[in-house]
1. Filter segment 61-94 for residues that are within 25 Å of Thr134 (Cβ to Cβ) and open to solvent by 30 Å² or more (accessible area, probe 1.4 Å) and give the result.
2. Within 17 Å of the chain's Cα centre (by Cα), within 30 Å of Pro351 (Cβ to Cβ) and modelled with pLDDT of 90 or more, is that true of Phe86?
3. Would you check which residues across segment 244-271 are outside any strand (DSSP E or B) and among the acidic types (Asp, Glu) and list them?
4. Within segment 182-213, restricting attention to residues that are open to solvent by less than 30 Å² (accessible area, probe 1.4 Å) and modelled with pLDDT of 95 or more, which residue is nearest to Asp28 (Cα to Cα)?
5. Looking at segment 384-398 only, could you name the residues that are assigned to a helix (DSSP H, G or I) and surrounded by 20 or more Cβ atoms within 10 Å (Cβ to Cβ)?
6. Is there any pair linking a residue in segment 105-118 that is polar (S, T, N, Q) to one that is assigned to a strand (DSSP E or B) and surrounded by 22 or more Cβ atoms within 10 Å (Cβ to Cβ), with Cβ under 6 Å and at least six apart or on different chains, and which?
7. Just need a number here: residues in segment 235-284 that are of a type in the set (S, T, N, Q) and more than 14 Å from the chain's Cα centre (by Cα).
8. Of the numbered conditions (1) touching a Lys or Arg at 6+ places or on another chain (Cβ under 9 Å); (2) at pLDDT below 95, Ile259 fails exactly one; give the number of that condition.
Amino acid sequence: MFTASVVRKQYAVGHGGFHAGKITVRKDELHIPELMMLDTKDARGKSTAVLEKFYVYDCGSESPQSFDRSLRNHERMTGGRTDLLFISHLDSDHVNKIDRLMGTTPAKIVVLPYLEPEDLSELLMREVDGGSATASIRDYIRDPGGWWRRHGADIVVFVEAGNGEDQPPGGGVPDKPIDPEGPLPISPASEEGLQARLTLIVNKPRKLPPKGFVPVPYDTPRDVDRELSSGSLLAGCGSHFRLEWRKDASDRWRLGDWILLPYVHPVECEMRRAFRRAIMNELGLNSFENETFASALLDKLASNRKGLVTLYNDHFEVGQNAISMSLYSGPGRSLGSQSGSDWLVPAGDTPIGYSMRPSPAAWLETGDSKLKQSSRRQPWHSFFKPFSKQICVLSLPHHGSSKDFHEEVLDFDGLALAVATTIRDRNRIAGLEDTLSQVQAAGKQYKVVDDRAETEFHFMCARAMQPI
């Protein structure tokens with residue numbers, strides 16, 4: 001019996017964000033559905049897992065003690081490693097514990113939005129205006145990819161923003177060969193039995209990658225452990241990580257029906273274009289060459305800080321242009337007209353494990369996406385709509401703030417639960433109660449994950465895999 005299972009946790013870190021997932025593929029001798037969620041070992045006590053991948057989405061908190069507890073739990077779950085770190089955006093409450101994470105369970109691959117030079121300008125000026133333009137943020141402006149590598153990452157994947165016409169990956173039939181007409185692999189004598197891997201499929205970006213970015217073949221699955229070069233790379237909208245498996249080394253790779261799909265909402269607007277023109281004029285530049293721009297911007301910060309802040313405030317309200325990346329973690333195909341799911345979730349305890357039932361299994365994270373704005377919400381919703389019947393859990397944008405919420409974000413057929421990550425009774429988030437009331441009115445449940453350990457939320461699912 002071949003089994004894929006996924007465990008996701010929203011850690012209770014108070015106001016902030018610390019979400020983690022574990023993807024496992026294993027071969028078990030026991031054909032018992034109730035054991036699908038357990039870390040089964042064979043008769044010799046050896047783990048039957050052939051693949052374990054750990055990922056994190058955001059890592060920030062305003063409650064140090066709660067974060068410390070959660071990080072210890074995360075270390076125990078991962079054994080001291082993180083394979084993928086997804087960063088929605090660079091606000092402090094989403095990233096201020098990155099150094100702690102990278103020091104204890106370092107991430108090999110970091111995935112985050114690609115910021116154009118004007119976006120880096122906006123980030124820097126927002127920090128200056130708030131009185132927190134540290135040496136670290138200046139280093140980030142100078143070389144974002146280098147900053148992440150100096151903090152322990154090996155590969156940095158910058159995801160290009162969508163343009164409103166983007167399509168998600170098409171999925172396919174689970175357990176079917178990805179390339180049924182291709183040549184069969186030659187089996188090395190040392191590789192036997194079930195194999196699984198996580199691949200990255202990079203879509204071609206609309207713009208040319210900046211100087212110094214590593215080249216990567218487009219639309220071709222690359223094993224994240226063996227086939228990616230160190231450095232920074234630019235990924236077009238729709239790029240994603242995909243679970244693949246095969247019954248042995250002589251078999252073709254098959255779809256594992258699980259993807260990690262980041263999405264950066266469209267950002268282009270007239271206000272942004274006006275700011276781009278203004279900052280270029282202020283710096284005396286004619287082109288957006290990244291290194292030249294960063295040097296000119298930092299020099300101007302040293303000589304005319306007040307002028308830069310005034311220019312920023314003339315174009316934006318606080319955080320108005322902030323870019324945020326969502327993450328879909330779920331089955332790689334839409335259910336279409338099917339009424340059921342191959343994925344099972346625990347329905348209750350049994351003496352030997354879990355009682356299982358079919359269910360939507362995807363979790364959609366939103367970071368601080370400003371989804372009240374129709375120019376961002378509508379492309380975002382259109383992009384994820386093909387997975388409507390798969391999405392079961394949604395993290396509310398901006399911790400549930402009514403300033404960034406619109407009832408349309410709940411319009412997914414499988415959605416059962418909306419999650420807010422903040423401390424409810426401290427009134428940290430504007431309009432949170434109004435948002436939660438709208439969630440209830442839409443017939444959905446909600447859960448507030450705060451700084452108490454008992455509010456930590458787990459979502460588990462599994463499915464049996466059979467060659468087709």
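1. Of all residues in segment 61-94, those within 25 Å of Thr134 (Cβ to Cβ) come to 61-68, 70-71, 82, 85-94.
The answer is Glu62, Pro64, Gln65, Asp68, Leu90, Asp91, Ser92.
2. Working: within 17 Å of the chain's Cα centre (by Cα): yes; within 30 Å of Pro351 (Cβ to Cβ): no; modelled with pLDDT of 90 or more: yes.
No, not satisfied.
3. Kept after step one, since they are outside any strand (DSSP E or B), are these residues of segment 244-271: 247-253, 265-271.
Within segment 244-271, Asp248, Asp251, Glu268, Glu270 qualify.
4. Of everything passing the filter in segment 182-213, Ala196 is nearest to Asp28 (Cα to Cα).
5. Filtering segment 384-398 for residues assigned to a helix (DSSP H, G or I) gives 384-387, 397-398.
Phe384, Phe387, Pro397, His398, listed by residue number.
6. Thr105/Thr82
7. So the first thing to find is which residues in segment 235-284 are of a type in the set (S, T, N, Q), and the list is 239, 250, 281.
Now restrict to residues that are more than 14 Å from the chain's Cα centre (by Cα): 250, 281.
Adding up the residues that qualify gives 2.
8. Condition not satisfied by Ile259: (2).
The values are calculated or read from the model by the stated rules, or taken from the named source; none is laboratory data. All values derive from a computational prediction rather than experimental measurement. A quick note on method: Cβ atoms are made from the backbone with ideal geometry, for glycine too, and the neighbour counts reach across all protein chains shown. For accessibility, only protein heavy atoms count, side chains too; no ligands or nucleic acids. Shrake-Rupley method; radii C 1.70, N 1.55, O 1.52, S 1.80 Å.
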